[in-house]
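The values are calculated or read from the model by the stated rules, or taken from the named source; none is laboratory data. Keep in mind the model is a prediction, meaning the values are calculated, not measured. Here Cβ is always computed from backbone atoms with ideal geometry, including for glycine, and neighbour counts include all displayed protein chains.
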Amino acid sequence: MSDLVINDQLSVQSWELTEQFMRASGPGGQNVNKVATAVELRFEAERSPSLAPQVKARLKRLAGRRWTRDGAIVIQCDETRSQSRNREIARTRLAELIRKALVAPKKRVRTKPTWGSQQRRIKAKKERGEIKARRGRVGEDD
């Protein structure tokens, strides 16, 4: 297995990746019963020296339930009948996930509502309150 290239500056070493093949469900006829085409790609993200701590934190959040207790990401693929194609798809998914984690989210800049928007909001609230105040029981004299 070769190294997984993420971008020009970053690549995941082959020792950090583990592949396991198993029988896949779905189409394939009798072939599905005898050939292990599904792939389970495991990346030891927590112990990876190539990723910064902030990237690991974002990766954990992005991975969701694919992140294991021991800090690994497990990606499964059984889309095609070909073992090599499933392997390629799983590696591409992992690379895409890491690429997303490399991008730091923009900091939100808090803004204050403008004076005009505050006035419009208060006016709308008063109008709505007046409509509700006019509601009520119909009196006996009406």
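Laid out as a table, the results:
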quantity	calculated
Residue in segment 77-114 that is farthest from Glu19 (Cα to Cα), counting only those that are over 19 Å from the mean Cα position of the chain (by Cα) and of a type in the set (Asp, Glu)	Glu79
Counted residues, segment 66-81 - those being in contact with a helix residue (DSSP H, G or I) (Cβ under 9 Å, 6 or more places away or on another chain) and over 22 Å from Ile6 (Cα atoms)	4
The one condition in (1) at pLDDT below 80; (2) within 21 Å of Glu96 (Cβ to Cβ) that Ser25 fails to fulfil	(2)
Pairs, first acidic (Asp, Glu) in segment 41-61, second surrounded by fewer than 20 Cβ atoms within 10 Å (Cβ to Cβ) and part of a helix (DSSP H, G or I), C-beta under 8 Å, six or more apart	Glu44/Glu16; Glu46/Lys56
Residue list for segment 90-112, restricted to those being of a type outside the set (Gly, Ala, Ser) and exposed (fewer than 10 other Cβ atoms within 10 Å of the Cβ)	Val103, Pro105, Lys106, Lys107, Arg108, Val109, Arg110, Thr111, Lys112
